[in-house]
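Chemist: Quick one: the structure is below, questions incoming.
Nothing in this text is a laboratory measurement; each read-out follows from the coordinates by a stated rule. Source: prediction; values computed, not measured. Here Cβ is always computed from backbone atoms with ideal geometry, including for glycine, and neighbour counts include all displayed protein chains.
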Amino acid sequence: MREKIYYIDRIKALACIAVVILHTFYAASAYASTVTEQAVLQSVKNLMVWSVPCFVMCSGALLLDKSKEISLKKILKKYIPRMLIALLFFSIAFSCFDSIASGGAGIGDTLAKGLKDAFLGTGWKHMWYIYMMIAVYLMLPLYRVITKAADNNTIKYYLIICIFFLSLLPITEKIYDIKTGFYILIYSIYPMYLFLGYQMHNNRVRAANPVMAVMLGIFLISTIALTYYNCSNNNAVVSEILSNYASPIVVVGSAAMYGLIRKTPSKKMGLADTAAGIISKCSFGVYLLHMAVLKYIFVVKKYDPFEHGGYFSIIMISILAFIISFVLTWTYICLKKKVKALSAGKTE
């Protein structure tokens, strides 16, 4: 039996909570009436952007592990179908939500729209994560060949190339409004996060806690400062720096968060790790479901938090969205486990 990796659960649990906070404060910003309100809400939202890259880095730590056997058959018969089922189910479910909320289309049109959304990617915006994970799984056999064959320096070289061409160069071009002739034949930053997670998991990125703390400080200070500037000046380049997962600031903040939690104790830390393990198991379901709670509150009911307690109200909505989505997901996991146990008992 493989040894439990507690820091992975810690990261996934914190990232799960951070995603809910990110989307809650982003949704609430539609009701902000002053620059200060907008700046506070956007600052909190932008400070949570490390969450999704850290999810991808955790996937890299687990999926690219040399000692873990992941066959092509398992990827094609388990990992990808699971993502496709989630994509189809939630695309249709969210289409039904929209139809009921608007009192519009019938069942046939609603189902057709859900299927169309799943194929075209025109459904709820946070569903992009499923498409990204499908792409990761499709490329996983090749990624695993790289980690099995490449030495430490080769993967570091790959990371440097990706960070330069997919993070530093694009933002430099936007800042100076130029377009260089240089490019790399990879268009997405997410494989870089995948391999970075693998490297950091195996302690192949040597950075002491003080260095990671400084990196995190740079991320926090620059994010808050740029957010306040952007709320007053509405600069497209600054918006890109703050919200794009390929932004150098986001890369620095994500690596710092992952690195600091990576260095936490390897042994179980009592109830905290028990809770982290449960939240970690529910993280995918929470990610998908919490948006329905937020959409109901902010879009359907048009709840203005600044008329009902302001920032405290927004914090409570974050907690409510997390609890509802967590309870639903945990209930589903428990029922699924019980059905599986009953099925196993019948076959015996």
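Chemist: Below 14 angstrom from the Cβ of Gly310, what's the summed charge of the other residues (Lys, Arg +1; Asp, Glu -1)? Display every interim value, and only then the final one.
Modeler: Values: positive: none; negative: Glu37, Asp304, Glu307.
Net charge in that neighbourhood comes out at -3.
Chemist: Now a separate question. Could you please report the charge total around Gly277, scoring K, R as +1 and D, E as -1 over all other residues with beta-carbon less than 12 angstrom from its beta-carbon? Display every interim value, and only then the final one.
Modeler: Details: positive: Lys4, Arg10, Lys12, Lys268, Lys281; negative: Asp9, Asp273.
The answer is +3.
Chemist: Under 14 Å from the Cβ of Lys116, count the other residues' Cβ atoms, weight Lys and Arg +1, Asp and Glu -1, and hand me the total. Write out the running numbers ahead of the final one.
Modeler: Details: positive: Lys113; negative: Asp98, Asp109, Asp117.
Net local charge, Lys116 excluded: -2.
Chemist: What number do you get for the stretch 46-156 when its Cα radius of gyration is normalised by 2.2 N^0.38 Å, N = residues?
Modeler: 1.36
Chemist: Over 29 Å between Cα atoms: which of Lys45/Lys338; Lys4/Lys338; Lys68/Lys336 fall into that group?
Modeler: Working: Lys45/Lys338 38 Å; Lys4/Lys338 23 Å; Lys68/Lys336 25 Å.
The pairs that break the limit, which is 29 Å between Cα atoms, are Lys45/Lys338.
Chemist: Right, here's the next one. Output needed: percent of Cα pairs per 10 Å distance bin for the stretch 136-263, bins running from 0 to the one holding the longest distance.
Modeler: P(r) for the stretch 136-263, in whole percents per bin: 11, 37, 34, 15, 2, 0.
Chemist: Starting at 0 and stepping by 10 Å, how many percent of the alpha carbon pairs of the stretch 208-302 end up in each bin?
Modeler: Here the calculated profile for the stretch 208-302 is 13, 25, 35, 22, 4.
Chemist: At a 10 angstrom cut-off on C-beta neighbours, averaged per residue, how do the peptides 278-288, 293-303 rank from highest to lowest? Provide the component values of the computation, followed by the final result.
Modeler: On the way: 278-288: 21.2, 293-303: 16.1.
The most tightly packed comes first, giving 278-288, 293-303.
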